[in-house]
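This report refers to the structure that appears directly beneath it.
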Amino acid sequence: MSVPSHRSGIPDHGRVPKYYAVKALILGEIAQLGVGASLPPERDLATHYGVARSTVRQAISELVIEGRLAAHRGRGTFVAEPKLIHPLSLASYTEALRAMGHEPSRLVITAEEVPADDDLAAALEIEPGAPVVHLERVLRADGEPLGLESTHLPAARFPTLLDGLDPSGSLYRYMQDELGVVWSEATERIETALASPREALLLQTNPALPMLLMLRISRDPSGTPIERVRSLYRGDRIGFEAHLTAKH
């Protein structure tokens with residue numbers, strides 16, 4: 001087995017773990033095979049590269065985590081579609097995906113009114129125990145689950161929300177067009193996380209795969225919180241992009 005000639009990710013001393021060298025070689029094969037093509041079995045790859053199957057398995061596992069390969073139990077491993085890159089903005093999920101040529105949809109898990117706990121009340125600047133509207137939805141692109149979004153809004157401000165909203169549609173569009181809501185700013189934090197068994201089941205993914213956790217509080221022009229949103233996204237299928245400008 002020859003180590004790839006490029007040195008990206010290779011330490012200065014030039015020694016790399018075998019799995020990393022195999023990973024680089026498989027990346028070359030991915031480029032040749034194209035999206036949707038089946039990767040040769042681990043046994044064949046191990047023989048071809050002259051390494052143990054466990055070495056090939058580790059290389060493939062990392063490529064699955066990175067979203068370059070997709071593993072399907074009982075069917076094999078396939079070259080994955082490129083990740084969907086979503087812009088970080090206050091725009092609607094629906095509008096953002098359609099602008100990228102994808103068809104958005106949502107699977108409604110929860111649409112209910114619940115009392116705010118202390119943390120939620122602090123985030124929304126309401127009294128603990130005050131009613132809030134809770135929407136939990138699986139976000140999909142072209143039918144594929146990408147994220148699980150949990151949104152809380154103060155019920156006193158939006159008392160008719162659950163009566164008029166189609167929860168499978170765009171919340172932002174409804175609130176803007178029907179309720180006259182204006183979004184002014186948002187604070188958003190992004191972390192890595194692992195999905196719970198329930199979340200992994202809803203997202204049709206492996207609980208061991210890393211996720212992108214996004215926590216957002218949106219405000220109106222007066223600075224009053226509109227919503228608190230917790231979104232869990234599949235790190236193997238979606239990435240995020242922000243446009244930054246310098247202040248002078």
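Tell me which residues, restricted to the range 104-139, are among the small types (Gly, Ala, Ser) and surrounded by 15 or more Cβ atoms within 10 Å (Cβ to Cβ).
Ser105, Ala111, Ala116, Ala121, Ala123
Which one is surrounded by the most Cβ atoms within 10 Å (Cβ to Cβ), of the residues in the range 58-95 that are part of a helix (DSSP H, G or I) and at pLDDT 85 or above?
Looking at residues that are part of a helix (DSSP H, G or I) and at pLDDT 85 or above, I get Ala59.
Just for the range 160-194: of the residues that are touching a helix residue (DSSP H, G or I) at 6+ places or on another chain (Cβ under 7 Å) and among the small types (Gly, Ala, Ser), which one is nearest to Phe240 (Cα to Cα)?
Ser170
For the range 64-121, which residues satisfy the criterion of being touching a Leu at 6+ places or on another chain (Cβ under 9 Å) and among the acidic types (Asp, Glu)?
Glu103, Glu112, Glu113
Mind checking which residues of the range 199-248 are among the charged types (D, E, K, R) and over 26 Å from Val181 (Cβ atoms)?
Across the range 199-248, the qualifying residues are Glu199, Arg234, Asp236, Arg237, Lys247.
Specify which of the listed residues (Glu199, Glu185, Glu241) is in contact (Cβ under 8 Å) with a residue 12 or more places away in the chain, touching a strand residue (DSSP E or B) at 6+ places or on another chain (Cβ under 7 Å) and open to solvent by less than 80 Å² (accessible area, probe 1.4 Å). Give the derivation first.
Values: Glu185 fails: open to solvent by less than 80 Å² (accessible area, probe 1.4 Å); Glu241 fails: open to solvent by less than 80 Å² (accessible area, probe 1.4 Å).
Sole residue among the options that is in contact (Cβ under 8 Å) with a residue 12 or more places away in the chain, touching a strand residue (DSSP E or B) at 6+ places or on another chain (Cβ under 7 Å) and open to solvent by less than 80 Å² (accessible area, probe 1.4 Å): Glu199.
This table checks each residue for (1) in a helix (DSSP H, G or I); (2) among the small types (Gly, Ala, Ser).
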residue: Pro167; (1), (2): no, no
residue: Gln176; (1), (2): yes, no
residue: Ile190; (1), (2): no, no
residue: Leu201; (1), (2): yes, no
residue: Ser218; (1), (2): no, yes
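Which pairs do you get when a residue that is within 16 Å of Phe240 (Cα to Cα), found in the range 91-117, comes within reach of a residue that is open to solvent by 30 Å² or more (accessible area, probe 1.4 Å) and among the aromatic types (Phe, Trp, Tyr), reach meaning Cβ atoms under 9 angstrom, with the pair 6+ apart or on two chains?
Ala91/Tyr172; Ser92/Tyr172; Tyr93/Tyr172; Thr94/Tyr172; Glu95/Tyr172
The values are calculated or read from the model by the stated rules, or taken from the named source; none is laboratory data. Bear in mind the structure is a predicted one, so any value in this text is a computation, not a measurement. Using ideal geometry, Cβ is built from the backbone for each residue, glycine included, and neighbour counts are taken over all protein chains shown. Ligands, DNA and RNA are stripped out before the accessible areas are found, and what is left, the full protein with its side chains, is counted by its heavy atoms. Shrake-Rupley method; radii C 1.70, N 1.55, O 1.52, S 1.80 Å.
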